[in-house]
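**Student:** Before I ask anything, here is the structure I am working with.
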Amino acid sequence: MVIGIVCEFDPLHRGHARLLSHARALGADTVVCAMSGSFTQRGSFAALSKTARAEMAVRCGADLVLELPTPWAMSPAETFARGGVRLLALAGADTLLFGSECGDLPALRCLADCLDSPTFADHLTAAPESGLTFAARRQAAAASLLDNATAALLQSPNNTLAVEYLRALRHTRSTMTPCTLRREGAGHDGAPEGDTASASFLRELLRQGRGEACAYMPTPAADVLRRELAAGRIADGALCERAILVRFRAMTEADWRPYDPGNEGLYHRLYQASRDACTVAEMLSAAKTKRYPLARLRRMVLSAYLQLPPAPEHVPYLRVLAATAAGRAHLRCLRDAGAPVLTKPADVPALGPAAEELFTLESRCTDLYVLARPDLTQAAPGQDYRTTPVIV
């Protein structure tokens with residue numbers, strides 16, 4: 001059995017380790033992860049490099065870590081999920097494992113079916129706006145078709161993402177079997193519970209330069225984190241704020257338009273905010289309304305900075321970030337996969353124009369990412385072209 005997991009592991013904590021252990025308990029011979037690269041779905045710089053996070057994963061139970069390219073990793077939940085599912089399908093996964101707050105796969109399936117039903121769009125249109133976010137309106141529409149308790153599951157982020165994974169399996173016609181594990185312990189933004197803490201809590205500790213984050217991580221992952229801390233390789237997006245503002249002040253209103261995927265005119269608000277604000281936080285505050293959640297604004301702002309194109313329909317390669325012996329054996333089984341396996345950056349030109357274009361974009365994103373490290377000796381350009389997979 002090959003179990004696939006879509007992840008960020010920023011950083012890898014005990015809840016993530018529990019998910020990897022559960023994959024083994026289900027009988028996995030190989031655990032394959034599709035992991036975000038330098039930037040994450042919440043619209044921010046990853047605290048640790050993709051290489052360090054991939055190493056954490058293979059030292060904590062994964063066999064193979066593949067990079068989920070930035071255009072998918074920095075997308076709304078629906079596109080993020082589809083990108084991860086496509087990548088894992090190409091990697092030969094037959095089971096998709098994901099966490100959820102409810103742990104109730106039938107209820108999550110019911111929600112996925114509801115959102116894909118022919119009548120849902122009509123109910124969504126009929127839902128009163130009244131300054132509500134899209135998420136709130138979607139929940140109201142689901143409640144009108146199901147019941148309040150089932151629809152309320154959409155209030156929790158892992159439940160919402162789980163529903164998008166189920167929809168992605170259907171839309172991509174994947175044969176992977178879905179499986180969910182109930183999330184336990186600390187909430188996303190709350191205080192730690194016992195020896196468990198959320199990734200957001202750990203990132204806040206890291207932003208403050210506090211190594212206590214290691215206490216809430218599996219030992220192998222904590223060892224990697226200590227090494228990265230000592231080397232000055234923990235990223236803080238605030239260190240790139242002036243560079244980000246330089247980019248925005250050079251942009252016209254029309255330049256903002258491609259980064260407004262909903263075509264709702266939100267780019268007008270961000271452009272105007274960029275004309276008035278002195279900080280990125282001020283920009284976000286000025287553009288934010290009840291209708292537009294902060295995560296969406298952060299993704300738009302960071303996409304504009306990175307000059308990120310929309311996610312393509314197909315994955316042109318499977319880039320290996322880390323592997324164990326079992327992972328390397330599995331790679332040998334993927335020679336006839338729908339996309340080539342990439343382990344050596346020097347091989348990119350031979351993979352065709354689409355692959356070369358995507359890898360060039362990823363390299364540019366990494367070049368901008370490393371400038372968020374406090375130690376600029378760790379911020380040399382061209383690192384994607386010199387990095388090979390971590391083998392353990």
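The values are calculated or read from the model by the stated rules, or taken from the named source; none is laboratory data. This structure is a prediction, so every number in the text was calculated from the model and none was measured. Every residue, glycine among them, receives a Cβ derived from its backbone with ideal geometry; neighbour counts consider all protein chains shown. These area figures cover heavy atoms from the full protein model, side chains too; ligands, DNA and RNA do not enter into them. Shrake-Rupley method; radii C 1.70, N 1.55, O 1.52, S 1.80 Å.
**Student:** Is there any pair with a first residue in segment 262-279 that is closer than 16 Å to residue 298 by Cα and free of Cβ contacts under 8 Å to residues at least 60 places away in the same chain and a second that is open to solvent by less than 50 Å² (accessible area, probe 1.4 Å) and β-branched (Val, Ile, Thr) whose Cβ atoms are under 7 Å apart and which are 6 or more apart or on different chains, and what are they?
**Tutor:** Hits for this filter: 270/301.
**Student:** How many residues are of a type in the set (D, E, K, R), within 14 Å of residue 385 (Cβ to Cβ) and under 24 Å from the mean Cα position of the chain (by Cα) if we restrict to segment 331-359?
**Tutor:** Of the residues in segment 331-359, 2 are of a type in the set (D, E, K, R), within 14 Å of residue 385 (Cβ to Cβ) and under 24 Å from the mean Cα position of the chain (by Cα).
**Student:** A further question follows. Applying the selection to segment 113-139, what residues are open to solvent by less than 50 Å² (accessible area, probe 1.4 Å), in contact with a helix residue (DSSP H, G or I) (Cβ under 8 Å, 6 or more places away or on another chain) and either more than 27 Å from residue 173 (Cα to Cα) or assigned to a helix (DSSP H, G or I) (or both)?
**Tutor:** 114, 115, 120, 124, 127, 137, 138, 139
Conditions tested, residue by residue: (1) over 26 Å from residue 303 (Cα atoms); (2) β-branched (Val, Ile, Thr); (3) surrounded by 17 or more Cβ atoms within 10 Å (Cβ to Cβ).
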position	(1), (2), (3)
325	yes, no, no
340	yes, no, yes
347	yes, no, no
353	no, no, no
390	yes, yes, yes
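**Student:** Continuing with the same structure: Can you name every residue in segment 355-388 that is outside any helix (DSSP H, G or I), free of Cβ contacts under 8 Å to residues at least 24 places away in the same chain and surrounded by 15 or more Cβ atoms within 10 Å (Cβ to Cβ)?
**Tutor:** 379
**Student:** In segment 280-310, which residue that is open to solvent by 70 Å² or more (accessible area, probe 1.4 Å) and in contact (Cβ under 8 Å) with a residue 60 or more places away in the chain is nearest to residue 358 (Cα to Cα)?
**Tutor:** Only one residue tops the list, namely 310.
**Student:** What are the pairs, 6+ residues apart or on separate chains, where a residue within segment 206-217 that is loosely packed, with under 13 Cβ neighbours inside 10 Å has its Cβ under 8 Å from a residue that is assigned to a loop (DSSP other than H, G, I, E, B)?
**Tutor:** 215/195
**Student:** Would you be able to say whether some residue in segment 70-79 is assigned to a helix (DSSP H, G or I), at pLDDT 95 or above, closer than 12 Å to residue 165 by Cβ and touching a strand residue (DSSP E or B) at 6+ places or on another chain (Cβ under 8 Å)?
**Tutor:** Within segment 70-79 (the criterion being assigned to a helix (DSSP H, G or I), at pLDDT 95 or above, closer than 12 Å to residue 165 by Cβ and touching a strand residue (DSSP E or B) at 6+ places or on another chain (Cβ under 8 Å)), the answer is no, since none of the residues qualifies.
**Student:** Right, next: Quick check, is residue 206 out of contact with any strand residue (DSSP E or B) (no Cβ under 8 Å at 6 or more places or on another chain), closer than 22 Å to residue 9 by Cα and in a helix (DSSP H, G or I)?
**Tutor:** Considered against the rule, which asks whether it is out of contact with any strand residue (DSSP E or B) (no Cβ under 8 Å at 6 or more places or on another chain), closer than 22 Å to residue 9 by Cα and in a helix (DSSP H, G or I), residue 206 comes out as yes.
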